[in-house]
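Below is one structure, written out as structure tokens; the observations come after it.
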Amino acid sequence: MIIQNWADLLVASFQQVWEQFIGFVPQLVGALIVLVIGLIFASVLASLIEKVVGALKVDKALSRAGVGEYVERAGLELNIGKLLGQLVYWFVVIIVIMTIANSLGLNDLSLFLFSALNYVSHVVVGVLIMLATVILANFLSNVVKASVMSAKLHAAGFLSTLTWWSVIVFGLVIALDQIGVNTIIIQTVITGII
């Protein structure tokens, strides 16, 4: 009698696990289909963005603005189209994975990916701020140098370099703040120097 109860309990447990597995398989197949479609869409969109940015010749414009020099110093190649294409690709992939995680009931994974996506968007904005800062710093440095030289004053190089570094430091503080780095110490040091 006791053995029969244990056997019935064991069979019922296996039946329950099997029914849950059979119920989960269609969700898993649907998730895999959504993943494949999402990956195809992401790669098509990334290549489209890369071609559009390449046709707009953004790389040449940034090189003329003085950004190319700093990218080459870092040992990198200036290819904004590929960078934006890859950012969009991974953005779409993460959104697809978040959707799949929600449909499969993996809420913690979905929340983690949402937080990561939110942080990455802040990093992208920080990079764009630094890009604009370098362009502005180069422009203002050239304006200061030309102005001081046309006024026939001394230290045109020093003043243009001081202008460049001032703009870069303030842009860096703004970019770090956007990323979420606590910049109070940096701001205190800058205030003390000024």
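Derivation of every value follows stated rules applied to the coordinates shown; laboratory data play no part. These figures come from a predicted structure and were not determined experimentally. In this analysis, Cβ positions are derived from the backbone assuming ideal geometry, glycine residues included, and neighbour counts consider all displayed protein chains.
Could you list, in sequence order, all residues of the range 37-69 that are under 20 Å from the mean Cα position of the chain (by Cα), free of Cβ contacts under 8 Å to residues at least 40 places away in the same chain and more than 26 Å from residue 129 (Cα to Cα)?
44
Among the residues of the range 158-167, are any surrounded by fewer than 13 Cβ atoms within 10 Å (Cβ to Cβ), without any contact (Cβ under 8 Å) to a residue 40 or more places away in the chain and within 30 Å of residue 99 (Cβ to Cβ)?
No, the range 158-167 contains no residue that is surrounded by fewer than 13 Cβ atoms within 10 Å (Cβ to Cβ), without any contact (Cβ under 8 Å) to a residue 40 or more places away in the chain and within 30 Å of residue 99 (Cβ to Cβ).
Could we say that residue 34 is surrounded by 12 or more Cβ atoms within 10 Å (Cβ to Cβ) and closer than 30 Å to residue 131 by Cα here?
no
Residue 123 fails exactly one of the following numbered conditions: (1) surrounded by fewer than 16 Cβ atoms within 10 Å (Cβ to Cβ); (2) touching a residue at least 40 places away in the same chain (Cβ under 8 Å); (3) in contact with a Leu (Cβ under 8 Å, 6 or more places away or on another chain); (4) not charged (D, E, K, R). What is the number of that condition?
So residue 123 meets the others, but not (3).
Hey, residue 92 hits all of (1) more than 30 Å from residue 37 (Cβ to Cβ); (2) among the hydrophobic types (A, V, I, L, M, F, W, C); (3) under 13 Å from the mean Cα position of the chain (by Cα) but one; which does it fall short on?
(1)
Given the conditions (1) under 30 Å from residue 120 (Cβ atoms); (2) touching a helix residue (DSSP H, G or I) at 6+ places or on another chain (Cβ under 6 Å), and given that residue 165 satisfies all but one, which numbered condition is not satisfied?
Result: residue 165 passes all but (2).
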